[in-house]
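Notes follow the structure.
The values are calculated or read from the model by the stated rules, or taken from the named source; none is laboratory data. Remember, predicted model here, so these are calculated numbers, not experimental data. Please note: Cβ atoms are built from the backbone with ideal geometry, for glycine as well, and neighbour counts cover all protein chains shown. Surface areas here come from the heavy atoms of the whole protein model, side chains and all, with no ligands, DNA or RNA. Shrake-Rupley method; radii C 1.70, N 1.55, O 1.52, S 1.80 Å.
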Amino acid sequence: MKKFRALLLEKENGKVISRLQELDLSALPDEDVLIKVTYSSLNYKDGLAVTGRGKIIRDYPFIPGIDLAGIVEESRSPAYKPGDAVILTGWGTGERHWGGYAEYARAKADWLVPLPEGMSLKQAMGLGTAGLTAMLSVMALEKYGVQKDREIVVTGAAGGVGSISVALLAKLGYHVTASTGRESAHSFLKSLGAKQIIDREQLSRKGNPLESQRWGGAIDTVGGTTLAGILRGMSYYGTVASCGLAGGSDLNTTVFPFILRGVKLIGIDSNTCPTEIRSEAWRRLAALLPEEVLQPIVEIHPLSQIPELSGQILAGKIRGRVVIDVKS
């Protein structure tokens, strides 16, 4: 039986332990498609899973990793054949179903997306769930008519979703303001196309139910008091794409922005996004963010460094995107 390396999570005396181990292919769940994984990525949710700080994983032992990209090796589905390059994000991967921190994975064919033409596997994981979420957020702003001459704010801009959102909006010609609490990230965000930087404290402070109109649109990865602050400063008929809760899940606001200014608050769920929308988002990412554009955002690390990196991403010390090379 063929063996493969994986980062396996186990629970010992109530504590989550992560170890690199060799497993048999027979240990993988019985799903339609066997994928030889080339790259994965590190997301905030992965950090919670690996450190055991979030209730992400219910059953152990478990292979985490919510993203993966690789080559189909076996398939019982007519949708894919050996040799096909595929991307897997969402559908509970790395949460309820074994994920991408391994040299092999099995998945349902319906969860997969073909690698878009012109996109490499490394590029796909330089984007990953963060890139998909960012693209879906941008598509929401487009759908609801956010104008390119209005100021668009991106919160948590130095993180994965935030930095890719800044790059996408700038590429599409929007006037982007990046919100971050990291002064060291200012030049990085301006290099991605941010016109100006606003300190995150300015958005999270207490204020009146409605404030001066500033934002024509927003992509919010933070939630909590930051999202409440954005809503107070939205312009008439502006749209907020809400896609994260790094700053908290509570939302203490009023209905005034919605009933007096026609503001729209749109939720973004990349986990169970329909396949046709998901595929369109990946095609647009391939066209808008070629690999050379992603290089300043992406760092590549081996499987063995995931535990250390997981602590760093939870502490807000990761800038941009971390790609995991599962072969190293």
Q | Residue count, segment 71-100 (criterion: part of a loop (DSSP other than H, G, I, E, B) and within 16 Å of the chain's Cα centre (by Cα)) | A | 7
Q.
Would you confirm, using the coordinates I've provided, whether Gly54 is assigned to a loop (DSSP other than H, G, I, E, B), at positive phi and open to solvent by less than 50 Å² (accessible area, probe 1.4 Å)?
A. no
Q) Taking segment 312-328, which residues are of a type in the set (A, V, I, L, M, F, W, C) and free of Cβ contacts under 8 Å to residues at least 24 places away in the same chain? A) Ala315
(Q) Step by step: first the residues of segment 313-324, then only those that are buried (at least 16 other Cβ atoms within 10 Å of the Cβ) and of a type outside the set (Lys, Arg), then the one that is farthest from Leu115 (Cα to Cα). Which residue is that? (A) Leu314
Q. Any idea which of Ser26, Ser41 is under 16 Å from Ser310 (Cα atoms), outside any loop (DSSP other than H, G, I, E, B) and among the hydroxyl-bearing types (Ser, Thr, Tyr)?
A. Ser41
Q | Flag for Tyr101 being buried (at least 20 other Cβ atoms within 10 Å of the Cβ) and closer than 30 Å to Lys171 by Cβ | A | no
Q. Taking Ile266, is it farther than 16 Å from Leu112 by Cα, open to solvent by 30 Å² or more (accessible area, probe 1.4 Å), in a strand (DSSP E or B) and hydrophobic (A, V, I, L, M, F, W, C)?
A. yes
**Q.** Residue that is nearest to Val322 (Cα to Cα) [pool: residues in segment 148-179 that are open to solvent by 10 Å² or more (accessible area, probe 1.4 Å) and part of a strand (DSSP E or B)]
**A.** His175
**Q.** Pair list, Cβ < 7 Å and 6+ apart or interchain, from segment 8-27 residues that are among the charged types (D, E, K, R) to residues that are open to solvent by 50 Å² or more (accessible area, probe 1.4 Å) and assigned to a strand (DSSP E or B)
**A.** Glu22/Lys3; Glu22/Arg5; Asp24/Lys3
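Yes or no, residue by residue, for (1) out of contact with any Leu (no Cβ under 6 Å at 6 or more places or on another chain); (2) under 22 Å from Leu265 (Cβ atoms); (3) of a type in the set (A, V, I, L, M); (4) free of Cβ contacts under 8 Å to residues at least 60 places away in the same chain:
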{"position": "Gly145", "(1), (2), (3), (4)": "yes, yes, no, no"}
{"position": "Gly162", "(1), (2), (3), (4)": "yes, yes, no, yes"}
{"position": "Ser165", "(1), (2), (3), (4)": "yes, yes, no, yes"}
{"position": "Leu169", "(1), (2), (3), (4)": "yes, yes, yes, yes"}
Q) Any residue in segment 234-245 that is at pLDDT below 95, open to solvent by less than 30 Å² (accessible area, probe 1.4 Å) and within 19 Å of the chain's Cα centre (by Cα)? A) yes
Q) Where residues in segment 13-33 are open to solvent by 80 Å² or more (accessible area, probe 1.4 Å) and of a type in the set (Asp, Glu), which of them is modelled with the highest pLDDT? A) Glu22
Q.
All but one of (1) within 30 Å of Lys36 (Cβ to Cβ); (2) open to solvent by 10 Å² or more (accessible area, probe 1.4 Å); (3) of a type in the set (S, T, N, Q); (4) modelled with pLDDT under 95 hold for Thr129; state the number of the condition that does not hold.
A. (4)
Q. Only one of (1) in contact with a Lys or Arg (Cβ under 8 Å, 6 or more places away or on another chain); (2) more than 30 Å from Leu48 (Cβ to Cβ); (3) free of Cβ contacts under 8 Å to residues at least 40 places away in the same chain; (4) of a type in the set (A, V, I, L, M) fails for Leu210. Which number is that?
A. (3)
